[in-house]
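Asker: Here it is, the structure, as structure tokens.
The values are calculated or read from the model by the stated rules, or taken from the named source; none is laboratory data. Just so it is clear, the model here is predicted, and its values are computed rather than measured. Cβ: placed from backbone, ideal geometry, glycine included. Neighbour counts: every protein chain shown. Ligands, DNA and RNA are stripped out before the accessible areas are found, and what is left, the full protein with its side chains, is counted by its heavy atoms. Shrake-Rupley method; radii C 1.70, N 1.55, O 1.52, S 1.80 Å.
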Amino acid sequence: MKRGVVRIPASVACVPAHAFSNCSGVTEIRVDDANPFLSSADGILFNKDRSRLLCCPWGKEGAARIPESVMDFENNAFSGCARLTAFDVAGDNSVYSSRDGLLLNKKMTTLILCPTGKSGRARIPASVDRINDGAFKGCDQLECVIIPEEATGM
């Protein structure tokens, strides 16, 4: 399988939500710094100020690093990312957090998403009282999900 980088020039104003769907060979998206509408960091596509995560390439491997500036995600921003094994949220992000590679809200009361490439075990923090619909969709490599006995709201 050929892998590669998609380069978005300064002249591109918009990228449709599913522009790179089924492109498992795309491992990284890079946006020209002069682009007034879009940006990229760690191979992931964002709006210019990086407050909204638009798309993680399907071929991205390892962890998706989510900067402190991200306030929300495009629907299905991580759909199809079968090689994504963890989320790594900047500690000073005011909306999101991560633990054991899982994506959670800042207070760690809601499990938002498990990366589809995560294998072995997923440990849900005891503070979680809600798991989003589809949080484990496509997580075929997980052996088990550990829910602590002290978890109260579930």
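Asker: Hey, what did the chain get for relative contact order, percent, Cα under 8 Å, at least 6 apart? Spell out each step's value before the answer.
Answerer: Numbers: 386 pairs, mean separation 21.2, N = 154.
That works out to 14 percent.
Asker: How large is the dipole of the chain about the Cα centre if only Lys and Arg carry +1 and Asp and Glu carry -1, each at its Cβ, rounded to the nearest 20 debye?
Answerer: 320 debye
Asker: How long is the gain from R30 to V5 if the chain were fully straight, where each residue apart is worth 0.36 nm and the alpha carbon distance is subtracted?
Answerer: Numbers: separation 25, 0.36 × 25 = 9.00 nm, distance 0.71 nm.
Additional length available on full extension: 8.3 nm.
Asker: Could you give me the ³J(HN,Hα) list for region 28-34, computed from phi with Karplus coefficients 6.51, -1.76, 1.60 and θ = phi - 60°, whole Hz, x at Gly and Pro?
Answerer: Residue by residue, region 28-34 yields 7, 10, 10, 10, 4, 4, 7 Hz.
Asker: Counting other C-beta atoms within 10 Å, and keeping those with at most 16, which DSSP coil trypsin sites (Lys or Arg not before Pro) do you find in region 75-154?
Answerer: Working: sites: R83, R99, K106, K107, K118, R121, R123, R130, K137; in loops: R83, K106, K107, K118, K137.
Those satisfying the criteria are R83, K106, K107, K137.
Asker: Please work out the Kirkwood hydrodynamic radius for region 1-50, using every pair of different C-alpha atoms, and report it in angstroms with one decimal place. Intermediate values should be presented prior to the final figure.
Answerer: Values: mean 1/r = 0.0896 Å⁻¹.
Value: 11.2 Å, from the Cα pair sum.
Asker: Rg and Dmax of region 63-105, using alpha carbons, in Å: what are they?
Answerer: Both quantities, over Cα of region 63-105: 10.0, 28 Å.
Asker: Give me the net charge for the shell around D42: Cβ to Cβ below 10 angstrom, other residues only, Lys and Arg +1, Asp and Glu -1. Display every interim value, and only then the final one.
Answerer: On the way: positive: K60, R65; negative: E28, D88.
Counting the neighbours of D42, the net charge comes to 0.
Asker: Using the heavy atoms of the protein chains alone and a 1.4 angstrom probe, what is the accessible area of the chain per residue in square angstrom?
Answerer: On the way: 8120 Å² over 154 residues.
That works out to 53 Å² per residue.
Asker: Of the candidates E68, E143, E28, which one comes out as most mobile in a Gaussian network treatment of the chain with C-alpha springs shorter than 10 Å?
Answerer: E143
Asker: Could you look at region 1-136 and say what percent of its accessible area is carbon and sulfur, using a 1.4 Å probe and all protein chains? Before the final figure, lay out the partial values.
Answerer: Values: 3200 of 6620 Å².
Roughly 48 percent of what the probe reaches on region 1-136 is carbon or sulfur.
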